[in-house]
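Quick notes on the structure that follows.
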Amino acid sequence: MQAVVDFLPLIAFAVAYWLGGMHIAIATIMAAISLQVLITWLVKRTVSRMLLASAALVVVLGGISLLLNNDLIFKWKPTVLNWAFAAVFLGSGYIGDRTVAQRILESVSKDEFKLSQTDWRQLNLMWVGFFLVSGAANIFVAYRFSEPVWVNFKLFGLTGMTLVFAVIQGLWLNRRTPGET
């Protein structure tokens, strides 16, 4: 059920784009992500900062984009979000006792990830690099290619990049995590 809620805005955006064009898709994703925040709050009684940041950017940049009739403003959303995450992850290496990557993975499973501080810093820097590259790739496609190409890149390219990165991260973690004996 949570997977459906997580992908609801993206699916709604895609369907709305293919049926009605970019302006309809922007308005639809604004409504869908607001609904996602509401459903998440009702079910979990909490909403992640990542979802809140994404929702805020969708609503603000989507609203400005529709108001000014300039779709390029909305296309900046993945870049702004990814670069903001890169800054947060990078900053966490210098502020506090644990990096954001460490906090996230340890919240999932405290027993599974026993890494050295050097490994945690490396993993965190991998996330910084991923966010920088995916943000740059998004804005490159937004400026260099047609709107349908950008929409497909947003739907499939960025999602594919994230999945590939997750697999690479999983393999990297597997090499550094002690196996069960």
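Each reported figure results from applying straightforward, stated rules to the coordinates on display, with no laboratory input. Computed from a prediction, not measured in an experiment: that's the story for all the values here. Ideal geometry is used to build each Cβ from the backbone, glycine not excepted, and the neighbour counts take in all protein chains shown.
For this structure, a couple of remarks:
- Filtered residue count, the range 66-76, keeping only those that are in a helix (DSSP H, G or I) and surrounded by fewer than 21 Cβ atoms within 10 Å (Cβ to Cβ): 6
- Subset tally (residues that are more than 19 Å from Leu81 (Cβ to Cβ) and touching a Gly at 6+ places or on another chain (Cβ under 7 Å)) for the range 100-133: 1
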